[in-house]
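See below for the structure under consideration.
The values are calculated or read from the model by the stated rules, or taken from the named source; none is laboratory data. Worth saying up front: this structure is predicted, and the values here are computed from it rather than measured. All Cβ positions, even for glycine, are placed from backbone atoms using ideal geometry, and neighbour counts span all protein chains on display. We work out accessible area using only protein heavy atoms, side chains counted, and drop any ligands, DNA or RNA first. Shrake-Rupley method; radii C 1.70, N 1.55, O 1.52, S 1.80 Å.
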Amino acid sequence: MKLILKNGIVYDPANGINGERMDICIKDGKIVEKVRGAKEIDVSNKLVMPAGFDIHSHIAGGKVNVGRLFRPEDSLRRLVPKRDALRGGSGYSVPTVHLIGYDYALMGYTTVIEPAVPPLMARHTHHELNEIPIIDKACFPLYDGNWFVMKYIAEEKMEELKTYVAWLLWATKGYSVKITNPGGTEAWGWGKNVHDIDEEVPYFGVTPREIITNLVEVVNELKLPHSVHLHCNMLGEPGNYEITIKTLQLVRNKDFEGRQSLHVTHLQFHCYGGDSWKTFESKADEVAKEVNKNENVMIDTGNVIFGDTTTMTADAPMEFDLFMLTGLKWANKDVELETAPGVTPYVYSPKVLVNAIQWAIGLELALLIKPEKVIMTTDHPNGGVFTDYPKVIAWLMSKKAREEMLAKTHKSTEHRTLLSSIDKEYDFYEIAMITRSNPAKDAGFPNKGHLGVGADADVAVYDINPLEVNPSREPKKIERAFSRAYMTVKGGEIVVKEGEIVNVVGGRTFWVDATGKVDRSLIEKDLDYFFKRYYSVNLSNYVVGEEELRRSERVCVS
Ligand SMILES: [Zn+2]
């Protein structure tokens, strides 16, 4: 298909384009310089950006399904009937697979990463990702409580660790290395947790510090496209900001040959001061200072949005603590030698001081950290549902919108946070950075997140004139425009037109093959031993075949 999107107001930060009136030419699924005989679409005075890229959203796999199964009330909250060629579905915070694809496309997003896959659940995850329409996907397997990882680190076998990292990416068709509460999920197997980066994991004798630094080193040596994706220790605990800063400092001033080496995810949950829920306060400014001077780190925010959601993470001890706090229902999954996710519902209320502070911290981080280091997420569905991203965009662009919300929160919020003293307001260029160019670059997708020649023709058009609207004064208009794209183009095909899905295309699944850089025979004996002795499945049944991915996109790093 050949297309020209004519006369839009374009924001494309990766190419330095800041609100210029121009045409976007598309041919064979790619952005091109010029195109003849193309269908012309008039997008005069509309906002044009590369399509959105979500680097961290829990959309498929074991815990997402636990969430669906044990929350029928969430399912009933939103029932979408079948319509024309569109499938029906249900679910508000854990929607069914087809709705996920439609909802992202309707917001102008075309790429989403599932960030926490127990390797043993990779097959299930991929089969579910296959069913999510329209968007491109990738997934991050979990390496945090993995017995191979801890054994190799304890024995100081770096070559074996590197080989295992590459092998597991290949076996799971995964994209990068995810670490969740390093060491904590293994400790959870003994009813424990680790409370500091230097506390030893029971029976393995390794520390979170060693797990993080060794995996960072290995990922750097393998030159994987995305850095280690880290969920720090002690998520959600009062006083955890000190551990977060210590963790960030593990890579500061280190020479990684210009490669960014650590992505710290949903930072909001890791910036808490105080020593109890009573003294809970924001330490976003302290953490932001560290991020700003740390050249090797990128972060995503993990914003909180008020409302009812389902929390789910491979950080099982944290989910148990949350369950003890709320008394709501709780589910836990123990995944053999690998990890242990938990799931529990949660309601963020503006009248609950801790929740209001969490809401403020997410915004403080985005406003205090340099925009080039920020990626906007809600850690869907943990901090809020992804369909509420436009609310976060409106808060970031309008101090007035923040003040209006702040006025509805617990009266002490203002004293425990800095939010009311921050004047910064994002502009459209910066919004395009934190939702498009930054995540695509950080994740290592050279053809996503921008509109330069050769990029994937993934484009979002919003029905608002960015040269006329005043986001600071009119936040509602901003929220409305970003909620429903005027047009979404995916791989050169128009999938959304005037806020409706008009075409359901299939998305690709990206995975990284680094096996060319390692010698598998180095770990053959250990694989054989662990699978025969401990795993409930055979090694041959464990590996996800490339043919199981409906549209496989192998990224080779040899
Ligand atoms: Zn997450």
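Placing a label point 7 Å from the Cα of F256 along the Cα-to-Cβ direction, the residues of the range 429-456 with a backbone N closer than 13 Å are 442-444. When the listed pairs K6/K30; K333/K517; K351/K441; K351/K476 are checked against a 28 Å cut-off, the alpha-carbon distance exceeds it for K333/K517; K351/K441. For a straight C-alpha distance cut-off of 19 angstrom, the aspartates and glutamates reachable from K400 (same-chain residues fewer than eight places away being disregarded) are E364, D388, E414, D423, E425, D427, E430, E468, E474, E479. Taking all protein chains in place and a 1.4 Å probe, what share, in percent, of the accessible surface of the chain do carbon and sulfur account for? Answer for the chain: carbon and sulfur cover 49 percent of the accessible area. For the pair the range 122-171 and the range 391-429, the centres of their Cα atoms are 38 angstrom apart.
Think of the range 403-558 as having a plus end and a minus end, set by charges on the Cβ of Lys, Arg, Asp and Glu; of V505, L418, N447, L418 sits farthest toward the positive end of this dipole.
Note on the chain: helix-only mean residue ellipticity at 222 nm, from DSSP H runs of 4+ residues weighted -39500 (n - 2.57) and normalised by residue number, equals -9000 deg cm²/dmol. For the chain, relative contact order (Cα pairs under 8 Å, six or more residues apart, normalised by length) works out to 21 percent. Annotation: peptides 5-15, 76-86, ranked by per-residue average of other Cβ atoms within 10 Å with the highest first, follow the order 5-15, 76-86.
For the range 23-180, the mean projected area of the C-alpha convex hull, equal to one quarter of the hull surface, is 13.4 nm².
Annotation: peptides 179-186, 225-232, 404-411, ranked by per-residue average of other Cβ atoms within 10 Å with the highest first, follow the order 179-186, 225-232, 404-411.
Summed over the residues of the range 405-558 and divided among them, the accessible surface reaches 48 Å² per residue at a probe radius of 1.4 Å. Ranked by the mean number of other Cβ atoms within 10 Å of their residues, highest first, the peptides 108-116, 355-363 come out as 108-116, 355-363.
The residue among H98, C139, Y175 whose Cα reaches farthest toward the positive pole of the charge dipole of the range 77-195, with charges on the beta-carbon of Lys, Arg, Asp and Glu, is H98. Note on the range 409-558: with charges restricted to the Cβ of Lys and Arg (+1) and Asp and Glu (-1), its dipole about the Cα centre is near 340 debye.
Evaluated at 10 °C with a viscosity of 1.306 mPa s, what Stokes-Einstein diffusion coefficient in µm²/s does the chain have when Rh comes from the Kirkwood expression over alpha-carbon pairs? For the chosen part, D equals 67 µm²/s. Let me know the shape class of the range 337-418, please: from the alpha-carbon gyration tensor, a ≥ b ≥ c as square roots of the eigenvalues, rounded when a/c is under 1.5, otherwise prolate if a/b is greater than b/c, or oblate. Because a/c hits 1.5 or more and a/b fails to exceed b/c, the range 337-418 counts as oblate. Can you tell me the accessible area per residue over the range 2-158, all protein chains present, probe 1.4 angstrom, in square angstrom? For the range 2-158, the per-residue accessible area is 35 Å².
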